[in-house]
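A quick write-up on the structure given underneath.
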Amino acid sequence: MIKAIIFDLDDTLYDQKSPFTAALTKTFNQALSSTELAQIFNRFHDFNDRTFNQVTDTTMTLEAWQTARIRHALAPSKVHISTDWAIQFEMAYQQELNQICLFDGLSATLTKLSHAFKIGIITNGPAPIQHQKLHQLQIEHFVHPDNIFISEELGIAKPDPSIFTTWAHQVGIKANEAVYVGDNAALDMTSAKHAGWQTFWFNHRRNDQVTPSVIPDQIIQSPAELNELLLALLQAASAS
C-alpha cells in the first residue's frame, strides 16, 4: 500500500522549458524556431541532470557549471558563447524562475493528497536556487520541510539510490510504500527503482529516444494524466 508520494522538482512540478525559453529569447540575438528551442532546452536539461554532481563534488564551481550548461545547450548553433553573455543569460533565467507555477491542476491535487499521504521532494541542484523555486511554487503548503531533500544539502545526489532509502528511513516507511514521480528516465526512474520504490515516469516531453533501464510502474504523458493518476491513488487509499 502506498503511504508516501515523492516528487522530483525540475520539469516535474513545473514547466522548466517555459522560463528557459523566455530567458533565451530575451538574451540570444539569433532567431530560433520552436523545434530548435526544444532541442536546445533538451540539451540544457540533460546537461543539468548528468553533471550537477560535479558541482557537489567541488570539481567545478556553480558559476562555471552554469556557463558550461548553456554553452553545451547551444553547441550545435556554433555561435561563440562568451562568459559575459552566459552570465547575462543566467541572470535572465533566474528572473524567469521567479515566475514559475505548478502544472495546471497540481495545486488542488497536492492539497488533497497531503491529507492522505506523506508528500516529499527529492531533487538534485544548488540548495539556494532549489529552495527559491520551491518557495515560488508554494510547496510549503503541501510538504513538511523535513521531507524536502536537496542533494547539495545532503551530500547525496541522484542517481545514488541511498538518497531514496535515507528519505524512507527518516519518514519511517518501507521502500514498497513509496512512489517517486520524475521526468528523467535514468536519473529518476532507475535510481528510485533500485531503492525498491515504485516509480511513475512523467514523460510529458514524449522523449522516445531514452527509455529507463527498469520498467516504471506507470508512464504519464501529460499534466492532466498525472493529476488523474494521483487522484486515483487518493480514491484507492480512501476505499481501503
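The values are calculated or read from the model by the stated rules, or taken from the named source; none is laboratory data. In this text, all values refer to a predicted model and were calculated from it rather than measured experimentally. Glycine also receives a Cβ, built like all others from the backbone with ideal geometry; neighbour counts cover every protein chain displayed. Just so you know, the surface numbers come from the protein's heavy atoms only, side chains and all, with ligands and any DNA or RNA stripped out. Shrake-Rupley method; radii C 1.70, N 1.55, O 1.52, S 1.80 Å.
The residue of segment 65-99 that is farthest from Pro128 (Cα to Cα), among those that are out of contact with any helix residue (DSSP H, G or I) (no Cβ under 8 Å at 6 or more places or on another chain) and modelled with pLDDT of 90 or more, is Ser82. Could you list, in sequence order, the residues of segment 72-109 that are more than 23 Å from Ser222 (Cβ to Cβ), open to solvent by less than 70 Å² (accessible area, probe 1.4 Å) and assigned to a loop (DSSP other than H, G, I, E, B)? Result: Leu74, Val79, Ile81, Ser82, Asn98.
With respect to the conditions (1) touching a Leu at 6+ places or on another chain (Cβ under 9 Å); (2) surrounded by fewer than 17 Cβ atoms within 10 Å (Cβ to Cβ); (3) closer than 28 Å to Asp188 by Cα, Thr25 falls short on a single one, namely (3). Of all residues in segment 199-230, those being open to solvent by less than 60 Å² (accessible area, probe 1.4 Å), under 17 Å from Thr12 (Cα atoms) and more than 17 Å from the chain's Cα centre (by Cα) number 2.
Can you tell me which of Ala116, Ala175, Ala157, Ala127 is in contact with a strand residue (DSSP E or B) (Cβ under 7 Å, 6 or more places away or on another chain) and either modelled with pLDDT of 95 or more or of a type in the set (Gly, Ala, Ser) (or both)?
The match here is Ala127.
When segment 186-198 is limited to residues that are surrounded by fewer than 20 Cβ atoms within 10 Å (Cβ to Cβ) and within 15 Å of the chain's Cα centre (by Cα), the one that is farthest from Asn42 (Cα to Cα) turns out to be Thr190.
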